[in-house]
Amino acid sequence: MPISETWLLPDGVADVLPEQAQVIETLRRDALDFLASRGYQLVYTPFIEYIESLSSLSESNQDLDLATFKVIDQLSGRLLGVRADMTPQVARIDAHVHPVVGVARYCYAGTVLHTKPQGFNTTRAPLQLGAELFGSDSIDADVEMIDVMLNLLKTTQNHEGIHLDLGHVGLFRSLVKHAKLSKATERQLSDLYQRKALPELAEFTASLKFGQDFYVLGRYASDLDTLEAKLSGEVFENHQFKQAFDALKATKAEIQARWPDLDIGIDVVELRSYHYHTGLMYAVYAPNRAAPLAQGGRYDGIGEHFGRARPATGFSCDLYALKTSQLEPVSVVVAPKGTQTDLVKAIEQTRALGFSVVQLLGNDDPQSIPHATHQLVQQAGEWVVTHI
């Protein structure tokens with residue numbers, strides 16, 4: 001490879017330069033401090049581990065399996081996976097490494113790696129931050145998680161004009177089971193719902209058992225009152241369907257009570273990763289952004305792969321996507337070379353005030369620090385900070 005190409009990075013991978021890195025690191029610290037204040041304990045997980053551990057999700061989520069880089073461990077000869085999502089790792093911790101009796105709350109922040117960019121995301125190495133709650137199947141847990149997610153975005157100043165989308169995979173899943181549809185038919189319906197193809201949906205559902213209900217589910221997916229009026233009585237007699245419908249309705253009411261000015265939308269046929277999710281799903285969108293700022297949902301039984309099936313709900317986001325466009329200027333003070341006591345003390349005091357202080361080296365002058373904004377100079381026997 002020519003030397004002119006050795007500095008090039010793969011597509012979807014980028015360096016983070018000092019100004020951006022400072023903003024992102026501040027976001028990370030603020031976010032983790034906020035989650036800690038809500039009782040979420042920080043965990044670190046390995047960047048790579050045996051693929052069997054990561055497969056707790058990939059068995060039910062083919063998209064995640066395809067997103068996972070796989071390599072051979074030269075020590076054991078076994079297949080390793082580079083984490084594409086940290087949720088299965090936290091589930092492993094909850095199941096075996098740190099098995100808490102009762103409710104457990106965890107948070108994390110770390111880089112994950114994808115074989116291809118996911119959705120509208122252009123990076124293959126997001127800085128994933130998230131929170132997980134294990135051990136409660138109550139709707140209160142989902143409400144808490146959504147509230148935490150919204151407050152986190154507020155903490156990171158990503159809350160202006162946001163929109164919350166709510167859904168529940170239980171509606172579609174229970175109706176499919178009630179109608180005894182084949183897997184192939186289920187996949188076709190899911191595709192039609194995802195594409196919002198109403199004319200095709202009307203034609204496709206015409207010959208299905210409960211076909212009118214499947215059409216109504218797609219046609220009025222964003223209006224719970226209309227759904228309740230137009231779906232057949234037999235559908236609502238199904239316990240699983242009714243339970244999912246009531247949970248979705250109650251969640252919307254709870255969140256609206258806590259966030260009265262929040263724009264909340266409903267989409268009962270938003271079926272992203274519905275083989276993975278088991279209940280409520282939620283995502284937050286910002287104006288003029290196609291991809292969600294943060295998203296999550298319920299995934300009960302995720303720990304079954306590790307021998308401890310527990311109710312679970314959680315969300316995650318990419319800190320790179322949360323970073324604000326405006327960079328806060330950093331004040332950098334240039335101090336002269338020297339080890340005299342008064343100068344060393346002045347440098348320490350300046351740093352204690354929140355300044356970044358760089359001391360000159362050798363024969364350098366202040367111009368050798370191009371990002372400097374101030375300098376430490378001696379005036380009338382006292383060291384003072386002045387603008388450059």
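Return the FRET efficiency for the residue pair Arg195, Ser138: r is the Cβ-Cβ distance, R0 is 25 Å, and the value is rounded to the nearest 0.05.
0.15
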Check: Placing +1 at every Lys and Arg Cβ and -1 at every Asp and Glu Cβ, with all other atoms neutral, what dipole size does the range 269-323 have around its Cα centre, in debye to the nearest 20?
Finding: 120
Check: Taking 0.36 nm per residue of separation and subtracting the Cα-Cα distance, what length does fully extending Ser222 through Asp365 add?
Finding: 45.0 nm
Next item on the list: List, in the order given, every pair from Lys196/Lys230; Lys154/Lys249; Lys196/Lys323; Lys177/Lys209 whose Cα-Cα distance in the structure shown is over 21 Å.
Entry: Lys154/Lys249; Lys196/Lys323
Note to self: For the pair Asp261/Ser331, report the inter-label distance in nm, with labels modelled 7 Å from Cα in the Cβ direction.
What the structure shows: 3.2
Next item on the list: Starting with the highest mean, order 279-287, 99-107, 137-145 by the number of other Cβ atoms within 10 Å, averaged over the residues of each peptide.
Entry: 279-287, 137-145, 99-107
Item checked: Residue exposure sequence - Val43, Val148, Val377 - by fewest surrounding Cβ within 10 Å -> Val377, Val43, Val148
Next item on the list: Check cross-link reach from Lys345 to the lysines: straight Cα distance under 26 Å, and skip same-chain residues fewer than eight apart.
Entry: Lys337
Checklist line | the range 168-269, Rg to Rh (Cα coordinates; Rh as Kirkwood inverse mean 1/r) | finding: 0.98
Notebook entry, point to check: Reachable aspartates and glutamates from Lys183, Cα under 14 Å, same-chain residues fewer than 8 places away excluded?
Noted result: Asp191
Check: Distance in nm between label sites at Gln378 and Glu304, each 7 Å beyond Cα in the beta-carbon direction?
Finding: 7.5
Margin query: Students often get this wrong: which residues of the range 113-143 have the backbone nitrogen under 17 Å from the point 7 angstrom along Cα-to-C-beta of Leu42?
Written below: 127-132
Note to self: What is the angle, in °, between the Cα long axis of helix 239-258 and the longest principal axis of the Cα atoms in the chain? Nearest 10 is fine, range 0 to 90.
What the structure shows: 40
Item checked: Under-5 Å amide H pairs with Gly301, H placed in peptide plane, nonlocal only -> Arg310, Ala312
Note to self: Order 353-361, 209-217 from most to least packed using the mean count of other Cβ atoms within 10 Å.
What the structure shows: 209-217, 353-361
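The numbers here are math on the coordinates, done by the rules we state, and not lab data. Quick caveat: nothing in here was measured; it's all calculated off a predicted structure. Methodologically, a virtual Cβ is constructed for each residue, glycine included, from the backbone with ideal geometry; neighbour enumeration extends over all protein chains shown.
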